[in-house]
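Undergrad: Please find one structure pasted underneath; my questions will follow.
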Amino acid sequence: MTTTPTTLLAALEATTMLEIDGLHAWDFSLADELNIECMDGRERKVWRFSKAQVEAATFDESLQSWVVNDGNADHRIICLDAFTPSDEDDSVQD
């Protein structure tokens, strides 16, 4: 059983991919604010959350997701670990 981080900020620092409102997003950054971008078909979707909004996020145990409000609506974020290949060449050298 894995342990859920106590804050969304801690979860974001350890994740490689997000699901936000049902869409997968690997293009996200966390600095002064959380910026998330992804494509929904041909439409580019962008979300921006202030650090205060990220800190105010709550974890929904029943849906295993974080709920963060951008001032207009609640958004559900699930932190995922995506497979990332190594840059090293794993071939055997003779």
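Undergrad: Working only within segment 8-23, note down all residues that are surrounded by 14 or more Cβ atoms within 10 Å (Cβ to Cβ) and either free of Cβ contacts under 8 Å to residues at least 60 places away in the same chain or among the aliphatic types (A, V, I, L, M) (or both).
TA: Leu8, Leu9, Ala11, Leu12, Met17, Leu18, Ile20, Asp21, listed by residue number.
Undergrad: Here's a follow-up. Ala14: at pLDDT 90 or above and out of contact with any Leu (no Cβ under 7 Å at 6 or more places or on another chain), yes or no?
TA: Considered against the rule, which asks whether it is at pLDDT 90 or above and out of contact with any Leu (no Cβ under 7 Å at 6 or more places or on another chain), Ala14 comes out as no.
Undergrad: Testing Thr7 on (1) touching a helix residue (DSSP H, G or I) at 6+ places or on another chain (Cβ under 9 Å); (2) at pLDDT 95 or above, one condition comes back false. Which one is that?
TA: (2)
Undergrad: Return the residues of segment 16-35 that are within 12 Å of Phe49 (Cβ to Cβ), of a type in the set (A, V, I, L, M, F, W, C) and over 8 Å from the mean Cα position of the chain (by Cα); say none if nothing qualifies.
TA: Passing the criteria: Leu30, Ala31, Leu34.
Undergrad: Restricting to segment 1-37, name every residue that is assigned to a strand (DSSP E or B) and within 17 Å of Ser65 (Cβ to Cβ).
TA: Answer for segment 1-37, where residues must be assigned to a strand (DSSP E or B) and within 17 Å of Ser65 (Cβ to Cβ): Met17, Leu18, Glu19, Ile20, Leu23, His24, Ala25, Phe28, Leu34, Ile36.
Yes/no per residue for (1) part of a strand (DSSP E or B); (2) within 15 Å of Leu18 (Cβ to Cβ); (3) among the β-branched types (Val, Ile, Thr); (4) at pLDDT 95 or above:
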position	(1), (2), (3), (4)
Met39	yes, yes, no, no
Val46	yes, yes, yes, yes
Phe49	yes, yes, no, yes
Val54	no, yes, yes, yes
Phe59	yes, yes, no, yes
Trp66	yes, yes, no, yes
Arg76	yes, yes, no, yes
Glu88	no, no, no, no
Gln93	no, no, no, no
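The values are calculated or read from the model by the stated rules, or taken from the named source; none is laboratory data. Just so it is clear, the structure is predicted and the values come from calculations on it, not from any experiment. Note: ideal-geometry Cβ built from the backbone for every residue, glycine included; neighbour counts use all protein chains shown.
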